[in-house]
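Shown next, in C-alpha cells, is the structure this report addresses.
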Amino acid sequence: MSVSIEWLPPLLLLEDDAGDWAAYLERLHRQFVADFVDSRPVWPGKRVNLKRHPEHEGKSATFWHMVSTGDRETDRVPDFRRCERIAWPRAMMDAFDGAKPDAAEPRLVWWQEERWNENRYNLALPDFSYVVVVADRGEYVLPWTAYWVAREHRRQKLRKAFRAFWAAQKS
C-alpha cells in the first residue's frame, strides 16, 4: 500500500545538524515544545496534557517516549526513526476527529484498546508504519508515545487490532 505523507511535516534528520547529537536533541526538543507546550493539539471534547515525570535532562517523559525506545524509563535509548518524525504526532492528533475511518484513502486510521486499565487511542498511518498512542484519562488525554513500525509482522498485528475493533463496533 502506498501511503501519502505529504500532509505531514518534513522529517528532522540528524545529518541536518552535521551528526551532532546534542544539537539534534535540542532541535527535536524545540519542535516538541512548539507542538505540545507552546500550543496544544486539538482533541475532540478534551484538553491535551503531557506526562511530565519522570523528567530526564529537563525534558518530559512524553518527549522521551516519542524519541526513544525501551521498557524501563532509565534504560531508554534513542530511536532515530522516532526522532526524525517528532513533528508527526501533533499533525496526526490534529487530524483526528473521532469519526470512523471509512474513506477509501484516509490520512489516518484509528482504534481503541484497553491497556493497564485505561482506554488508549491508536492513531496510525493507513499502512500502519507509524503509530501515535494517546491515553484517555477522562477529562483529558495524554499523548503517550509514537513510533515507527519497521517490521511487516508488527504492522499486520496492528492492522488486525484495527479490524477487530471496528468489527466489534458493528455488533
Kindly list the number of the only condition in (1) surrounded by fewer than 13 Cβ atoms within 10 Å (Cβ to Cβ); (2) touching a residue at least 40 places away in the same chain (Cβ under 8 Å); (3) not in a loop (DSSP other than H, G, I, E, B) that fails for Tyr24.
(1)
Residues of the stretch 119-134 being touching a Leu at 6+ places or on another chain (Cβ under 9 Å) and not in a loop (DSSP other than H, G, I, E, B), in sequence order, are Asn122, Leu123, Ala124, Tyr130, Val131, Val132, Val133, Val134
Quick check on my filter: what residues within the stretch 94-107 are within 19 Å of Val48 (Cα to Cα) and either in contact with a Lys or Arg (Cβ under 6 Å, 6 or more places away or on another chain) or surrounded by 10 or more Cβ atoms within 10 Å (Cβ to Cβ) (or both)?
Asp94, Ala95, Phe96, Asp97, Ala99
Is it the case that Val3 is modelled with pLDDT of 90 or more and β-branched (Val, Ile, Thr)?
no
Testing Leu50 on (1) under 15 Å from Val141 (Cα atoms); (2) at pLDDT 90 or above, one condition comes back false. Which one is that?
(2)
Only one of (1) of a type in the set (D, E, K, R); (2) over 22 Å from Ala22 (Cα atoms); (3) at pLDDT 95 or above does not apply to Glu84, and that is (2)
Across the stretch 135-171, what is the total count of residues that are in contact with a helix residue (DSSP H, G or I) (Cβ under 8 Å, 6 or more places away or on another chain) and either surrounded by 15 or more Cβ atoms within 10 Å (Cβ to Cβ) or part of a strand (DSSP E or B) (or both)?
8
Can you tell me which residues in the stretch 113-134 are under 22 Å from Lys46 (Cα atoms) and surrounded by 15 or more Cβ atoms within 10 Å (Cβ to Cβ)?
Arg120, Tyr121, Asn122, Leu123, Ala124, Val131, Val132, Val133, Val134
Of all residues in the stretch 38-79 being out of contact with any strand residue (DSSP E or B) (no Cβ under 7 Å at 6 or more places or on another chain) and not in a loop (DSSP other than H, G, I, E, B), the one that is surrounded by the most Cβ atoms within 10 Å (Cβ to Cβ):
Phe63
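The values are calculated or read from the model by the stated rules, or taken from the named source; none is laboratory data. Worth saying up front: this structure is predicted, and the values here are computed from it rather than measured. Virtual Cβ from ideal backbone geometry, glycine too; neighbours counted across all protein chains shown.
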